[in-house]
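For reference, the structure discussed in these notes is given below.
Read the figures in this text as sums done on the coordinates, not as results from a lab. Bear in mind the structure is a predicted one, so any value in this text is a computation, not a measurement. Cβ coordinates were reconstructed from backbone atoms using ideal geometry, including for glycine residues, and neighbour counts include every protein chain displayed.
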């Protein structure tokens, strides 16, 4: 996306070639960027500059890419073009109002069906109005959408975050040359100010390993006896390490070395060995740094001694699925004692035999991968109803896990 808004050629190495990313690349091609991949896996993006987007000739199909569609709504909605956004059945069911509301405040026309859900069409104004927007719930997607739109506004766009969320957008904006300032407000909130209509400079970007994806082999190693694995080049941004912190509090045998900076982000190598875990209380203020990792944390909790209580989980209700309900149902199907609240989950580890159940994934890649990891240490095999959507975020999941010793069996459309 930032390569599209830069003038010149951006190169990207280490890109996760998952469906979500490829769909986003296709959308950027449709608004004017020239995007190519060479035989070494290096990607190049020839951008059109801020204000230079073309009107797409066809609807932009984001498949299951929730982050891709929400950030693109800001990027494209901030330009004086019309664009229609569509997605798969899961994405079509997800609410978009949280990003559409600030875009409306900035002057973007929105044509959407009831509930602000896809498919929908945006038409950007000739001149986008800068806003000061207080994010109502902790959401890096909302923050990033407003900042992406604000890039093409003739003024200063301000986003106020009462609770800090992941800051990759701010870091990359600075890296591409945007005039952005982050300060602390009188109430301790983060105040992000972005000066619009910059000349963004193309960059050479090396993408670090995703800590959300790393969570699956990490937990698998912790719960499978005899495990000892290393995961290289993992992103260690403090806004993304809530799972690592929680697992360490549970007693995980996990060390991090070879810490270094890459593209303004800290990365390192994580070594994980099997270890007994104990239940903990995960406080609500940690949720923004690990909102996508609660499903796999629940799997670790299923093998821990005692209760693990996770609080502040309301955001899980509006992910690719109602993840809180999906995790609870999957635990129930596999004999794991738990209690589910409106925004909390309590998991009691090892009260009896685990496994033997069939899990409804609701087209959610993280539910699918989490319960396949459960099956690696369960007393009986665990079956998921569909694994195809794993490709949206971690297309090499099966191969990576099998390379570490996991065994999967495909049963028609299901996996065990």
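If each of residue 197 and residue 37 carries a label point 7 Å out from its Cα toward its Cβ, how far apart are those two points in nm?
3.7
At 222 nm, what value in deg cm²/dmol follows for the chain if DSSP H runs of at least 4 each add -39500 (n - 2.57) and the sum is divided by all its residues, to the nearest 500? Before the final figure, lay out the partial values.
Values: 13 runs with 121 residues, N = 416.
Helices in the chain give a 222 nm mean residue ellipticity of -8500 deg cm²/dmol.
Return the FRET efficiency for the residue pair residue 105, residue 396: r is the Cβ-Cβ distance, R0 is 41 Å, and the value is rounded to the nearest 0.05. Write down the numbers at each step before the final one.
Values: r = 41 Å, r/R0 = 1.00.
Efficiency, rounded to the nearest 0.05: 0.50.
Could you work out which residue, out of 57, 249, 293, moves most in a Gaussian network model of the chain, that is, has the largest mean-square fluctuation with Cα springs under 10 Å?
In this elastic network of the chain, the residue with the biggest mean-square fluctuation among 57, 249, 293 is 57.
Among DSSP bridges having both ends in the range 72-175, what percentage is antiparallel? Round to the nearest 5.
Details: 9 of 12 bridges.
The antiparallel fraction comes to roughly 75 percent.
Using only the Cα atoms of the range 102-233, build the gyration tensor, take square roots of its eigenvalues as a ≥ b ≥ c, and label the shape rounded, prolate or oblate: rounded if a/c is under 1.5, else prolate if a/b is larger than b/c, else oblate.
Details: a/c = 2.03, a/b = 1.70, b/c = 1.19.
Taking the square roots of the gyration eigenvalues as a ≥ b ≥ c, the range 102-233 is prolate.
Classify the range 211-415 as rounded, prolate or oblate from the Cα gyration tensor: take a ≥ b ≥ c as the square roots of its eigenvalues, call it rounded if a/c is under 1.5, otherwise prolate when a/b beats b/c and oblate if not.
Numbers: a/c = 1.34, a/b = 1.18, b/c = 1.13.
Judged from the Cα gyration tensor, the range 211-415 comes out rounded (a/c under 1.5).
Highest GNM mean-square fluctuation, the chain, Cα pairs closer than 10 Å: which of 177, 215, 196?
177
Take the alpha-carbon centre of the range 370-399, take the same for the range 203-264, and report the distance between them in whole Å.
Answer, in whole Å: 19.
Kindly work out what percent of the DSSP beta bridges joining two residues of the chain are antiparallel, to the nearest 5. Please report the intermediate quantities before stating the final value.
Details: 55 of 71 bridges.
Of those bridges, close to 75 percent are antiparallel.
Going by how many other beta carbons lie within 10 Å of each one, how would you line up 10, 158, 392, 255, fewest first? If you can, show how the numbers build up before the last one.
Working: 10 23, 158 18, 392 27, 255 13.
Least to most surrounded, the residues fall as 255, 158, 10, 392.
At 0.36 nm per residue, minus the direct Cα-Cα distance, what do residue 15 and residue 29 gain on full extension? Give it in nm, one decimal, please.
Numbers: separation 14, 0.36 × 14 = 5.04 nm, distance 1.66 nm.
Extra length available between residue 15 and residue 29 comes to 3.4 nm.
Taking the Cα of residue 262, stepping 7 Å toward and past its beta carbon, and measuring to each backbone N in the range 373-392: which are under 18 Å?
Hits in the range 373-392 for residue 262 at 18 Å: none.
Let me check against my output: what whole-number percent is the relative contact order of the range 2-206, with C-alpha pairs under 8 Å and at least 6 apart?
Reported as a whole number, the value is 21 percent.
Cα gyration tensor of the range 225-294, axes a ≥ b ≥ c as square roots of the eigenvalues: rounded (a/c below 1.5), prolate (a/b > b/c) or oblate?
On the way: a/c = 2.62, a/b = 1.10, b/c = 2.38.
Note, shape of the range 225-294 comes out oblate.
Please work out the Cα center distance from the range 69-88 to the range 109-157, rounded to the nearest Å.
Using only Cα atoms to place each centre, the spacing works out to 9 Å.
Using only Cα atoms, find the angle between the long axis of helix 211-223 and the longest principal axis of the chain, and express it within 0 to 90 degrees, rounded to the nearest 10.
The helix 211-223 is inclined about 0 degrees to the chain.
Take every DSSP beta bridge whose two residues both sit in the range 2-206, then give the antiparallel share in percent to the nearest 5.
Values: 28 of 37 bridges.
Close to 75 percent.
For the chain, what number results from the quotient of the Cα radius of gyration and 2.2 N^0.38 Å? Mind dumping the intermediate values first?
Working: Rg = 21.3 Å, N = 416, 2.2 N^0.38 = 21.8 Å.
Normalised Cα radius of gyration, the chain: 0.98.
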